[in-house]
Amino acid sequence: MRSLEQTTREILELATTHFKAVPGSLKAEDDFYKKLEIDSLQALELLSRLENHFHIELPDYEVQGVSDFKTLAERVQARL
Amino acid sequence: MLDLSKYSSIGGAVRDALDTWPGEVCLYESDRGEEKQRITYREFKERALPLAKWLQDSGFRPGDRASIIMTNQSKWLISAYAIFFCGGVLVPLDYKLKPEEQWTLLKHSGASILITEYAIWRQLSTSAGRAEAVAVKTVLVTEVPANSDLASATSWESAGGTGHPTFVPRKREDLACIVYSSGTGGTPKGCMMTHGNYLEQCVALTSLYPFWPGVKYLSILPTNHAIDFMVGFFGPFTCGAAVVHLRTLRPEFVREAFPKYQITYVSLVPLVLKNLQKGLQARFDELPAAKRRLFESLRTINKALTRNRPLLPLSRLLLKQVHAAFGGKLEALIVGGAFTEPQTLQFFYDLGIPVANGYGLTEAGTAVTVNDLRPFRADTVGKPLPGMEVRILNPDADGIGQVGVRSKTVMAGYLNEPELTAQTIVDGWLMTGDMGRFDATGHLQLFGRKKNMIVTEEGKNVYAEDVEQAFEGLPVKEYCVFAGNYIWPSRSMVGEQLILVIHLEPGQAFTEELRKEISARNSRLINYKRIHGFVLYNDDFPLTASLKIIRVALAERLRKLNREQAVLPV
């Protein structure tokens, strides 16, 4: 099973690709709304990418109020 | 449609609807593109009545309050009907609030029963706020996984009483719902809505945008929101129509639902509408040059032909592929919850998709004005609905003044707040706090607010005072949060922002450490509640004798500052 660190790293890579961010510019503690300048709908798009990548179901509610990659990784990790 | 003039309560009308269209589907539920269930009116009744019986057996009495905190799904509506059947008062709360905020409102509402989902209950049950809401005696939780800890709650699915429940009639003036328009941090504003409010609103709305058996309404806005409660529950149910629920609101599944269910109506907030616009525009941009030219020609023809009124069959023929993407049966996009930019509305109307944009507020029983599309006016929020008296109070030289509303749909008042109610409803007129003007053709145009609040593109009302507690203990002499447009009126309702005003201690310097502290606290707020910038103010705040900030006076002083220079980025 993946470690939390590995999960976090993969989420950062997925977000970098999906939102065309500068490689290496995203950090675990970053607020993704602020850093990527995205709205709540774009954040939901990322969830679908995460579900496909990690082969999990992540209910919208689970990530309600989550705005940093670290917490997002913890929510994903709990479902692995 | 049922003749609502014959009914005195929501429960009575829905009860007859269930017997009028027993074989019609009333609910579709889909999760990640897969349909999980469809329920007829008969099946809805068969599921709701045992719950009503269970509630009555548990001691739930007429006038008692029960809250629902759930995502959009069939059990939300079934539970609501069971509550109304028992003569109860529904307290619909936003599932997107934080658990402690939900407990604050539960406590304020006096709800004795809470109906929620397992994922939400997991967070609520461990929140410290639970200890304060002592009136909540019974908790029903849906979709509990096997072997899960219910934390003293009861499984919703097991809450079925045997025998027939007793239908409790209500009068039009009786309380039906307590709907919170704000107040998780400051004074909770629980709008007391009567059965008469909803019955009148339903008649007014369906006169312009009717429902009928076979109509499918896509429910996206949270059902606790006044708009979805009306057009995603009460409206369609009194007409034999169906509601489609999606368990995830990710854009790809929302887009997929339109053709799959051949949706007739949907209500959207500006944020979602703009997202749809962006997706469509990207597809238009990808068209090969020749096809693009053809498309543009057809759009121009459609625009010319629909200048005076929508011609849906013609538009569906001219712009076949666009309409096919929406299922080919879409009658209108209902846009509400926040102000929408005219160019976004016009984009859809030019494609032959009628856009029912309007203006409303919870206190007025949802919609006050709606565009009647004859002709479509993207620059206005339409004309008053039947039964609505709308006036511009104390207009200035440009005809702009506060919008006042008088109608049978206006709330009875704010729960436990007689003074606030008296300030808000004056001589029968609801003071909306919004600034507007009627044009020569009777269409209402909006020009900013008098209230210290913002409305986001997601349709969220955020009162400045509610955000203040996030900065409690900030190491400064005093601070206050304002809506930027409250200090500097801009006659605009887009791009509204919250601003933190700080007064440092004598001799205190503004350090990088303090900036980081502000930024960190701001980040902990849910994204739509965050402040946009801050102002360093050098004078003492005006205070009352009880040391409360006099916001009106402080805003007047701040108005003398130049906004561009004074507001610093967080």
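The values are calculated or read from the model by the stated rules, or taken from the named source; none is laboratory data. Quick caveat, the model's predicted, so the values are computed rather than measured. We place every Cβ from the backbone using ideal geometry, glycine too, and count neighbours over all the protein chains shown.
Remark: A:LEU58 matches the filter, which requires a residue to be assigned to a loop (DSSP other than H, G, I, E, B) and within 22 Å of B:LEU97 (Cβ to Cβ).
Of the numbered criteria (1) in contact with a helix residue (DSSP H, G or I) (Cβ under 7 Å, 6 or more places away or on another chain); (2) more than 14 Å from chain A (Cβ to nearest Cβ); (3) in contact (Cβ under 8 Å) with a residue 40 or more places away in the chain, the one B:ARG551 fails is (1).
Restricting to the stretch B:299-344, name every residue that is of a type in the set (A, V, I, L, M) and touching a residue at least 40 places away in the same chain (Cβ under 8 Å). Across the stretch B:299-344, the qualifying residues are B:LEU311, B:LEU312, B:VAL322, B:ALA324, B:ALA325, B:LEU330, B:ALA332, B:LEU333, B:ILE334, B:VAL335, B:ALA338. Taken as a whole, the condition of being at pLDDT 95 or above, within 21 Å of B:PRO50 (Cα to Cα) and in a loop (DSSP other than H, G, I, E, B) does not apply to B:THR162. The residue list B:VAL139, B:VAL134 contains one member that is in a strand (DSSP E or B) and either of a type in the set (A, V, I, L, M, F, W, C) or under 24 Å from B:ALA17 (Cβ atoms) (or both), which is B:VAL139.
Could you tell me whether the stretch A:37-48 includes any residue that is more than 13 Å from chain B (Cβ to nearest Cβ) and loosely packed, with under 14 Cβ neighbours inside 10 Å? No, the conditions are met nowhere in the stretch A:37-48. Exactly one residue out of B:TYR261, B:TYR217, B:TYR209 is farther than 24 Å from B:GLU117 by Cβ and modelled with pLDDT of 90 or more: that is B:TYR209. Of the conditions (1) within 12 Å of another protein chain (Cβ to nearest Cβ); (2) on the phi > 0 side of the Ramachandran plot, A:LYS20 satisfies every one except a single condition; which number is it? Checking A:LYS20 against (1) within 12 Å of another protein chain (Cβ to nearest Cβ); (2) on the phi > 0 side of the Ramachandran plot, the one that fails is (1). Would you check if B:PRO288 is touching a Phe, Trp or Tyr at 6+ places or on another chain (Cβ under 8 Å) and away from every other protein chain (no Cβ under 14 Å)? No: the conditions fail for B:PRO288.
Conditions (1) farther than 30 Å from B:ALA397 by Cα; (2) part of a strand (DSSP E or B); (3) free of Cβ contacts under 8 Å to residues at least 60 places away in the same chain; (4) touching a strand residue (DSSP E or B) at 6+ places or on another chain (Cβ under 6 Å), marked per residue:
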site: B:PHE447; (1), (2), (3), (4): no, yes, yes, yes
site: B:VAL481; (1), (2), (3), (4): yes, yes, yes, yes
site: B:ASN485; (1), (2), (3), (4): no, no, yes, yes
site: B:PRO489; (1), (2), (3), (4): no, no, yes, yes
site: B:VAL494; (1), (2), (3), (4): no, no, no, no
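Considering only residues in the stretch A:16-36 that are acidic (Asp, Glu) and assigned to a loop (DSSP other than H, G, I, E, B), the one that is surrounded by the fewest Cβ atoms within 10 Å (Cβ to Cβ) turns out to be A:GLU29. Looking only at residues of the stretch B:235-257 that are touching a strand residue (DSSP E or B) at 6+ places or on another chain (Cβ under 8 Å) and within 14 Å of another protein chain (Cβ to nearest Cβ), we find that the one that is modelled with the highest pLDDT is B:HIS245.
For (1) crowded, with 18+ Cβ neighbours inside 10 Å; (2) closer than 30 Å to B:TYR528 by Cα; (3) at pLDDT below 95, each residue gets a yes or a no:
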residue: B:SER315; (1), (2), (3): yes, no, no
residue: B:LEU319; (1), (2), (3): yes, no, no
residue: B:PRO342; (1), (2), (3): no, yes, yes
residue: B:TYR349; (1), (2), (3): yes, yes, no
residue: B:TYR359; (1), (2), (3): yes, yes, yes
residue: B:ASN371; (1), (2), (3): yes, yes, yes
residue: B:ASP379; (1), (2), (3): no, yes, yes
residue: B:LEU393; (1), (2), (3): no, no, no
residue: B:ASP396; (1), (2), (3): no, no, yes
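Scanning the stretch B:258-272 for residues that are under 21 Å from the mean Cα position of the chain (by Cα) and either among the aromatic types (Phe, Trp, Tyr) or more than 8 Å from chain A (Cβ to nearest Cβ) (or both), we see that the one that is nearest to B:GLU341 (Cα to Cα) is B:PRO270. Select, from B:LYS408, B:LYS451, the only residue that is free of Cβ contacts under 8 Å to residues at least 60 places away in the same chain, of a type in the set (D, E, K, R), part of a loop (DSSP other than H, G, I, E, B) and surrounded by 15 or more Cβ atoms within 10 Å (Cβ to Cβ). Only one candidate passes the filter, namely B:LYS451.
The set of residues from the stretch B:536-570 being within 16 Å of B:LEU500 (Cβ to Cβ) and within 31 Å of the chain's Cα centre (by Cα) comprises B:ILE549, B:ARG551, B:LEU554, B:ALA555, B:ARG563, B:VAL567, B:PRO569, B:VAL570.
Yes or no, residue by residue, for (1) within 14 Å of chain A (Cβ to nearest Cβ); (2) closer than 20 Å to B:LYS75 by Cα; (3) at pLDDT below 95:
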residue: B:ILE113; (1), (2), (3): no, yes, no
residue: B:THR116; (1), (2), (3): yes, yes, no
residue: B:ALA119; (1), (2), (3): yes, yes, yes
residue: B:ARG122; (1), (2), (3): yes, yes, yes
residue: B:THR126; (1), (2), (3): no, no, yes
residue: B:ALA131; (1), (2), (3): no, no, yes
residue: B:THR138; (1), (2), (3): no, yes, no
residue: B:GLU143; (1), (2), (3): yes, yes, yes
residue: B:ASP149; (1), (2), (3): no, no, yes
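Within the stretch B:497-528, if we keep just the residues that are within 14 Å of chain A (Cβ to nearest Cβ) and in contact (Cβ under 8 Å) with a residue 24 or more places away in the chain, the residue that is farthest from A:SER67 (Cα to Cα) turns out to be B:ILE518.
Might you check whether a residue that is at pLDDT 90 or above and of a type in the set (Ser, Thr, Tyr) occurs anywhere in the stretch B:457-468? Looking for residues that are at pLDDT 90 or above and of a type in the set (Ser, Thr, Tyr), one finds none in the stretch B:457-468, hence no. Residue check: B:ARG250 meets all listed conditions (1) crowded, with 22+ Cβ neighbours inside 10 Å; (2) without any contact (Cβ under 8 Å) to a residue 60 or more places away in the chain but one, namely (1). A:LEU26 passes every criterion in (1) more than 29 Å from B:GLU101 (Cβ to Cβ); (2) at pLDDT 90 or above; (3) out of contact with any Lys or Arg (no Cβ under 7 Å at 6 or more places or on another chain) apart from (3).
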